[in-house]
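All remarks here apply to the structure that follows.
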Amino acid sequence: MTPPDVRQITAPETHDLRRLVLRNGAVDAMVVWDGDDEPETEHLGVFADGRIVAISTWLVRPDPIAPGRSALQLRGMAADPTQMGMGLGRALLRAGLQRARHSGRDRVWANARLTALGFYESEGWEVSGPVFDTPMTGLPHRHAHRDLD
Ligand SMILES: CC(C)(COP(=O)(O)OP(=O)(O)OC[C@H]1O[C@@H](n2cnc3c(N)ncnc32)[C@H](O)[C@@H]1OP(=O)(O)O)[C@@H](O)C(=O)NCCC(=O)NCCS
């Protein structure tokens, strides 16, 4: 099978899937997020048939539980509902980690939805700390991180 086609995309190119997958399709959802336009922020997408079918955003942000480390925060990980379970999320995670390593980072972290913890754990991320709701979603999350070799 051909590996997923992961490329850098622009912040506006994340908006449709952010709205559809992460905000339940709400037309008035805020899909422009803090940090989207920072020069070091990277947005990665998976392309299939000329369409973006999965997205993720990687920002330079200290990990609150390991502030001394050189870290990236992953936000806005989402796959098109018609294409979930096909390895696109995994491809994005691995691509993001590879880019993080190349840019000298030694850790990545995320506020991970409880419903997605198994996804992160299947890729070797560690989950820790209490459950908390994020203000933007009102949904329960936990801290997840992965150290980079
Ligand atoms: C979470 C999400 C990004 C995963 O992307 P995906 O392309 O569906 O996942 P993949 O097909 O790459 O799955 C990789 C592995 O994670 C597992 N996995 C995927 N989603 C999972 C979930 N929600 N819970 C537990 N395990 C999950 C898969 O079974 C697979 O493991 P396997 O190879 O052992 O079977 C996607 O399902 C999604 O967009 N979910 C809704 C939005 C969301 O929750 N985003 C994360 C916010 S923190």
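Each value in this text was obtained by applying a stated rule to the coordinates, not by laboratory testing. Note that the structure is a prediction, hence the values are computed from the model and not measured. Methodologically, a virtual Cβ is constructed for each residue, glycine included, from the backbone with ideal geometry; neighbour enumeration extends over all protein chains shown.
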Task: Mean shadow area of segment 5-147, taken as a quarter of the surface of its Cα convex hull (nm²) - done: 8.2
Task: Inter-probe distance in nm under a simple model that places probes 7 Å from Cα toward Cβ, at residue 147 and residue 37 - done: 3.8
Open item on the list: Output needed: percent of Cα pairs per 10 Å distance bin for segment 46-120, bins running from 0 to the one holding the longest distance.
Closed with: 18, 48, 28, 6, 0
Task: Over the chain: helical MRE at 222 nm, DSSP H runs n ≥ 4 each giving -39500 (n - 2.57), nearest 500 - done: -4000 deg cm²/dmol
